[in-house]
Amino acid sequence: MAFRAKAGVWMAGPWLSLRGPRALATRASLAPKAVLPFEAIPQSRHNSWLRMLQIWKEQGYENLHLEMHQNFQELGPIFRYDTGGTQTVSVMLPEDAERLQEVESLHPRRMLVEPWLTYRQHRGHKCGVFLLNGPEWRFNRLQVNPYVLSPKAVQKYIPMVDMVARDFSQALKEKVLQNAQGRLTLDIQPSIFYYTIEASNSALFGERLGLLGNNPSHASLKFIHALEAMFKSTVQLMYMPRSLSRWTSTKTWEEHFEAWDYIYQYGDKCIQKTYSELVGGCPSQHYRSVLAELLLHGDLSADAIKANAMDLIAGSTDTTSFPLLMTFFELARNPDVQQALRQESLAAQASITDNPQRALVELPLLRAALKETLRLYPVGLFLERLLSSDMVLQNYHIPAGVLKTFLVETLNQEDVRMVYRFMLRPTALPLFTFRAIN
Ligand code: O4T
């Protein structure tokens, strides 16, 4: 039987109470006693069939994070549940996540997102790192890392991202100053999406899209909507076997395919532009983009490069927009922190203008603020691992194969409701007021 272990990465406020009586009791009784069998792990009483029905009826699973929270509250820092014959273990303490990492091999295995896989299979596309496991995953990962993840790669594209960030803040400033009172209240979400698309496009392809001007493109707006539709339908389909959902959720499958089709169409255009410039031998800039590096150096086939580029185009938009939005929100309702960040930026301004790479080391408070946003509003709900060997967690035996320059203000001081649509995202956002200050 397949089992799995999920490492929940959820540490915001109320979780801390798990370190209270229940967690302590678990650990206090741990040392001298024999390891308990898998079956002794507290079990969630949620029924997987009922849950499937509920996802189908409600067209989503927006409160998954609240349900997990409740489970941890009631059952302690480790619990298990049955998802249609598959055993899943959830843990949430850093020490358990660490243990899982320690036993990880060169080929960690994750659950694959079936609807995404199905789309690629049907359209004959290769998979990028997110949908690969085993040796093929490792090969792709090692090929991509030097041009995307390594500190050297980051140093290279920081100036590109820096330029886009400056344009973004300049455009916002102009809008604010157009206003007689030097202040502007708006829904900033669309602008933030344009900013993250522009920034990742310039790092990945070395091309500016011009989204920060006054008439951002229709294509990018459609791209954003397609991503939203793709994430929403993903959740509707991923908790149900395909053999069932093909009958019960035909329309959702259609929406899912249509969304991916547009995402691919959009991505294809981005990739094609860089590709023809490289082949034509007249790259328009001195900066060699992530894609250019991959095409010129790597041992990946053109199709594999395309697959990984698609992951990067599609995967860099929501994952960066929402954290930025939530950072604005927290800074707007914590003006003291905002003030401290502004001081830090002003002090480092000259140095960073000289050399944008210094932003990484000279803004420790900004770095901490972004990390805090990700702690409070994690984009991903959990990390999964399928265990390749037996292990012990919280003194329970887990068998192998078990799956597993403005002032930002807001009138809204209330917490923001978060919903799960594959990504954890905010709903009903407050308006922000941007006020020019000297
Ligand atoms: C998986 C990836 C990179 C494509 C389209 C992606 C996305 C996306 C993502 C990035 C974290 C997550 C969290 N889920 O299972 C939410 C869109 C690829 N991506 O959003 Cl082709 N960072 C997703 S998790 O990876 C923990």
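Scan 384, 344, 330, 372 and give me the residue that is in a strand (DSSP E or B), acidic (Asp, Glu) and either out of contact with any strand residue (DSSP E or B) (no Cβ under 6 Å at 6 or more places or on another chain) or within 16 Å of the ligand (Cβ to nearest atom) (or both).
Just a single option satisfies the conditions, and that option is 384.
Report, by residue number, each residue of the stretch 70-97 that is surrounded by 21 or more Cβ atoms within 10 Å (Cβ to Cβ) and within 16 Å of the ligand (Cβ to nearest atom).
88, 90, 91, 92
Scan the stretch 369-388 and tell me whether some residue there is among the β-branched types (Val, Ile, Thr) and farther than 30 Å from residue 34 by Cβ. Working first, answer last.
Restricting attention to the stretch 369-388, the residues satisfying the condition of being among the β-branched types (Val, Ile, Thr) are 373, 379.
Then keep just the ones that are farther than 30 Å from residue 34 by Cβ; that gives 373, 379.
There is at least one residue in the stretch 369-388 that is among the β-branched types (Val, Ile, Thr) and farther than 30 Å from residue 34 by Cβ.
Please list, ordered by first then second residue, the pairs with beta carbon atoms under 7 Å, 6 or more apart or interchain, first in the stretch 250-277 and farther than 11 Å from residue 227 by Cα, second β-branched (Val, Ile, Thr) and within 16 Å of the ligand (Cβ to nearest atom).
Sorted first by the residue in the stretch 250-277, then by its partner, the pairs are 267/313; 270/313.
Give 250, 185 a once-over and let me know the one that is at pLDDT below 95, open to solvent by 30 Å² or more (accessible area, probe 1.4 Å) and either of a type in the set (Phe, Trp, Tyr) or more than 25 Å from residue 126 (Cβ to Cβ) (or both). So that I can check it myself, show each step before the final result.
Details: 250 fails: at pLDDT below 95.
Exactly one residue qualifies, and that residue is 185.
Can you find a residue that is more than 24 Å from the chain's Cα centre (by Cα) and either more than 16 Å from the ligand (Cβ to nearest atom) or aliphatic (A, V, I, L, M) (or both) anywhere in the stretch 254-265?
Taking the stretch 254-265 as the starting set, the residues that turn out to be more than 24 Å from the chain's Cα centre (by Cα) are 254.
Next, from what is left, pick out any that are either more than 16 Å from the ligand (Cβ to nearest atom) or aliphatic (A, V, I, L, M) (or both): 254.
Yes.
Cβ-Cβ below 6 Å, separation at least six or inter-chain, first residue in the stretch 409-433 and more than 25 Å from residue 237 (Cα to Cα), second away from the ligand (no atom under 16 Å from the Cβ) and hydroxyl-bearing (Ser, Thr, Tyr): which pairs?
Once the first residue is more than 25 Å from residue 237 (Cα to Cα) and sits in the stretch 409-433, its partners that are away from the ligand (no atom under 16 Å from the Cβ) and hydroxyl-bearing (Ser, Thr, Tyr) give 409/433; 430/410; 431/185; 432/410; 433/185.
Considering the stretch 138-180 alone, what residues qualify as being open to solvent by 80 Å² or more (accessible area, probe 1.4 Å) and small (Gly, Ala, Ser)?
The one that is open to solvent by 80 Å² or more (accessible area, probe 1.4 Å) and small (Gly, Ala, Ser): 180.
Looking only at the stretch 289-320, filter to residues that are surrounded by fewer than 17 Cβ atoms within 10 Å (Cβ to Cβ) and part of a loop (DSSP other than H, G, I, E, B); which one of those is modelled with the lowest pLDDT?
Among residues in the stretch 289-320 that are surrounded by fewer than 17 Cβ atoms within 10 Å (Cβ to Cβ) and part of a loop (DSSP other than H, G, I, E, B), the one modelled with the lowest pLDDT is 299.
Quick test for you: out of 435, 417, pick the one residue that is open to solvent by 10 Å² or more (accessible area, probe 1.4 Å), under 27 Å from the mean Cα position of the chain (by Cα) and modelled with pLDDT of 80 or more. Write out each step before concluding.
Details: 435 fails: under 27 Å from the mean Cα position of the chain (by Cα).
Every option except 417 fails the conditions.
Could you list, in sequence order, all residues of the stretch 98-112 that are surrounded by fewer than 17 Cβ atoms within 10 Å (Cβ to Cβ) and over 20 Å from residue 37 (Cα atoms)?
Keep residues of the stretch 98-112 that are surrounded by fewer than 17 Cβ atoms within 10 Å (Cβ to Cβ), which gives 98, 101-107, 112.
Listed by number, the residues that qualify are 98, 101, 102, 104, 105, 106, 107, 112.
The values are calculated or read from the model by the stated rules, or taken from the named source; none is laboratory data. Predicted model only: the values in this text are computed from it and were never measured. Cβ coordinates were reconstructed from backbone atoms using ideal geometry, including for glycine residues, and neighbour counts include every protein chain displayed. The accessibility values were calculated without ligands, DNA or RNA, using every heavy atom of the protein model including side chains. Shrake-Rupley method; radii C 1.70, N 1.55, O 1.52, S 1.80 Å.
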